[in-house]
Amino acid sequence: MTKWTPTHEAPEPLEGPVVATITGGTIVWFVLFLGQLPFYGWFRDHGHLWWVWTCLAGGGLGLIGIWYVRKRDAAIKRHAAAQATQGAEQR
């Protein structure tokens with residue numbers, strides 16, 4: 001068996017509205033958590049209580065994700081501005 005080697009370069013990663021996507025997902029997790037709270041007793045009685053806590057964990061991790069992608073986005077913009085300034089100084 002021969003080892004697979006790529007014959008072309010990998011494409012650039014797609015950049016999209018990352019902050020909006022993570023924020024929307026976080027909102028969905030919290031809405032799911034709040035929507036399940038009135039049925040807490042049913043979830044407990046049927047052994048599905050982990051569904052409630054999974055939604056809360058998803059919302060909490062989403063908050064960390066929002067913080068991370070906002071910092072990442074700011075760093076990318078700072079880098080682009082520094083590159084533009086450096087390019088203008090060399091002319």
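Things worth noting here:
- A search for C-beta distances below 9 Å between a residue of the stretch 10-26 that is in contact (Cβ under 8 Å) with a residue 24 or more places away in the chain and any residue that is buried (at least 16 other Cβ atoms within 10 Å of the Cβ) and among the acidic types (Asp, Glu), counting only pairs 6+ apart in sequence or on different chains, returns nothing.
- Residues considered: GLY62, GLY87. Of these, the only one that is assigned to a helix (DSSP H, G or I), within 14 Å of the chain's Cα centre (by Cα) and closer than 29 Å to GLY16 by Cα is GLY62.
- Residue among LEU49, LEU34, LEU63, LEU14 that alone is surrounded by fewer than 10 Cβ atoms within 10 Å (Cβ to Cβ) and out of contact with any Cys (no Cβ under 8 Å at 6 or more places or on another chain): LEU14
Taken together, the values in this text are just the output of simple stated rules run on the coordinates, not laboratory data. All values reported here derive from a predicted model rather than from experimental measurement. As a convention, Cβ positions derive from the backbone with ideal geometry for all residues, glycine included, and neighbour counts pool all protein chains shown.
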